[in-house]
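Bear in mind that the values in this text are calculations on the coordinates, not laboratory data. Computed from a predicted model, the values in this text were never measured in an experiment. Here the Cβ positions follow ideal geometry from the backbone for every residue, glycine too, while neighbour counts run over all protein chains shown.
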């Protein structure tokens with residue numbers, strides 16, 4: 001391990017509390033991560049010292065706020081290795097970014113009879129925008145299925161992506177199965193058929209190194225709050241030529257060139273897609289999160305999360321009453337583990353685990369078509385981040401065993 | 001604290017209703033039906049009621065979900081069978097009110113039968129919806145216009 005876990009833990013005061021009189025094991029990182037002091041300080045510093053509206057003032061605070069905001073954009077650019085900061089559009093979040101592509105690129109480029117190809121493991125936010133676009137345009141929505149091991153079926157991908165395909169939209173890492181999809185290979189496939197590829201990076205950025213040029217994705221969306229940044233800020237990366245050709249997503253201040261009574265022109269990218277006053281503090285916080293993650297090193301973070309999954313996954317699969325969904329090999333896993341206990345509903349499991357201080361998620365994880373495919377209505381999900389510890393993994397396993405015993409006996 | 005706090009929520013009577021639910025199955029003679037989902041967790045209840053002369057002659061449910069939602073549906077159907085629709089709706093209101101912490105008289109609570117133990121759900125705010133789903137389905141089934149389609153919200 002290349003960073004000191006105690007130093008890291010001291011940056012996350014929220015993790016050192018007790019809940020229900022137990023030590024907190026926060027294992028709901030796929031829903032939202034926690035923020036280090038450095039991110040909280042950046043938010044506070046911005047509001048205490050620099051707050052003003054950006055790009056429209058000539059006074060000193062407006063200049064500083066603009067520098068902060070655009071500085072954050074450059075940090076994100078370097079973090080994902082975009083060619084230019086103009087390719088980094090700030091959004092409300094990952095959902096907003098994916099809706100932007102569907103509403104702008106999709107509206108302008110999809111016609112009746114075209115195909116949009118997604119996967120069965122998509123989060124609703126990378127499913128419904130395409131489903132509704134396909135309905136509006138009388139296009140066909142096609143799904144890439146899974147292999148028996150719970151990975152994206154690339155043979156099916158090669159069959160589903162055809163010369164009629166205009167958009168391929170696939171998650172980089174599943175928010176349920178914990179699989180990492182071969183986005184680079186899918187990009188080659190999409191481009192062979194002259195389709196664009198959209199990557200949903202919500203569960204990837206902040207957990208593994210992401211290089212949008214290496215992946216050769218046309219669009220890539222992610223959220224700030226899942227990578228230790230604030231809620232309410234996200235990013236859409238898009239290749240400049242595509243973004244320039246796209247119509248605006250929303251209209252208003254900041255995104256215009258000239259406005260006349262009957263017509264208007266638009267600002268260049270990225271501003272064309274940033275109508276109205278933006279979440280400047282959110283962007284500043286996101287920039288601080290990027291600094292923090294880079295300080296630890298994305299390779300170290302990925303290695304740390306893999307180490308935790310390597311420790312916990314075999315212990316989970318060894319329990320005879322536990323079913324783990326997705327790959328059973330820790331090397332093919334992010335920190336996301338979906339599982340069920342036999343004859344127990346995941347909501348009951350989550351309530352019991354909460355009494356033991358273990359915070360997990362239970363439900364369909366905004367992936368109902370995947371739940372249907374797995375033959376379940378819901379699962380429990382534990383999701384790890386780099387600040388989790390071996391104690392957290394021990395506490396999870398112990399709590400699961402105690403939960404099973406409790407419901408076997410009907411009391412304690 | 002650990003799991004001991006769960007004893008209040010998962011009492012024997014609740015676990016018993018969940019593992020051996022009353023009135024689970026289909027009711028071919030149903031006059032009123034309603035399907036409700038809890039979108040946050042995927043719990044589903046399909047409630048079928050046979051109403052004649054303003055009285056619940058028979059009632060049954062299908063669906064799946066957590067211990068609390070299944071036990072609640074079982075207790076609810078057992079409590080309202082044979083009651084007038086007016087009395088059943090009053091019980092549904094009592095239960096819904098209890099679940100959000102409003103006080104009710106002893107006699108109102110006694111009307112709920114076994115179902116009154118589920119008001120311990122108040123200690124677990126995230127699970128209140130699990131317990132109220134069946135009672136909402138009852139309200140909607142009895143109150144809906146006969147032309148209204150089953151709701152799939």
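Miscellaneous remarks
- Structure-based [θ]222 nm, chain B - -39500 (n - 2.57) summed over DSSP H runs of at least 4, per residue, nearest 500: -12500 deg cm²/dmol
- Overall form of segment A:348-412: oblate. Here a/c, set by the Cα gyration tensor axes a ≥ b ≥ c, is 1.5 or more, and a/b is not larger than b/c.
- Computed from the Cβ-Cβ distance with R0 of 45 Å, the FRET efficiency linking residue A:321 to residue A:216 stands at 0.55.
- For segment A:196-285, alpha-carbon Rg and Dmax in angstrom: 14.9, 49
- Relative contact order for chain A, counting Cα pairs under 8 Å that sit 6 or more residues apart, in percent: 22
- Note on A:340-347: average number of Cβ atoms from other chains within 10 Å of each residue's Cβ is 4.
- Cα gyration tensor, segment A:1-159 - rounded (a/c under 1.5), prolate or oblate: oblate
- Comparing A:104, A:84, A:223 in a Gaussian network model of chain A, where Cα atoms under 10 Å apart are tied by springs, the biggest mean-square fluctuation is seen for A:84.
- With Cα atoms, 0 to 90° folded angle of helix B:67-80 axis to chain B main axis: 50
- Computed helical MRE - 222 nm, chain A, DSSP H runs ≥ 4 contributing -39500 (n - 2.57), nearest 500: -11500 deg cm²/dmol
- Counting only other chain Cβ atoms within 10 Å of each residue's Cβ, the peptide B:122-134 averages 1.
- The protection proxy used here, the mean number of other Cβ atoms lying within 10 Å of each residue, ranks peptides A:228-240, A:106-118, A:160-172 as follows, highest first: A:228-240, A:160-172, A:106-118.
- When each of the peptides A:391-398, A:253-260, B:91-98 is scored by how many other beta carbons lie within 10 Å of its residues on average, the order from highest to lowest is B:91-98, A:391-398, A:253-260.
- Note: the protein assembly as shown, Cα convex hull, 187 Å³ per residue.
- Taking label positions 7 Å along the Cα-Cβ direction at both residue A:9 and residue A:131, the computed distance is 4.2 nm, reported to one decimal.
- Placing a pseudo-label 7 Å from each Cα along the Cα-to-Cβ vector at residue B:53 and residue A:268 gives an inter-label distance of 8.3 nm.
- Angle between chain B longest axis and helix B:85-99 axis [Cα atoms, degrees, rounded to 10]: 20
- The listed peptides A:65-74, B:25-34, ordered by packing as a protection proxy, come out as A:65-74, B:25-34 (highest mean of other Cβ atoms within 10 Å first).
- The Cα atoms of segment A:40-295 give a gyration tensor whose axes a ≥ b ≥ c have a/c of 1.5 or more with a/b no greater than b/c, which makes the shape oblate.
- Among the residues of B:6-15, the average count of other protein chain beta-carbon atoms within 10 Å of the residue beta-carbon is 4.
- At R0 = 60 Å, FRET efficiency that the Cβ-Cβ distance of residue A:192 and residue A:277 yields, to 0.05: 0.90
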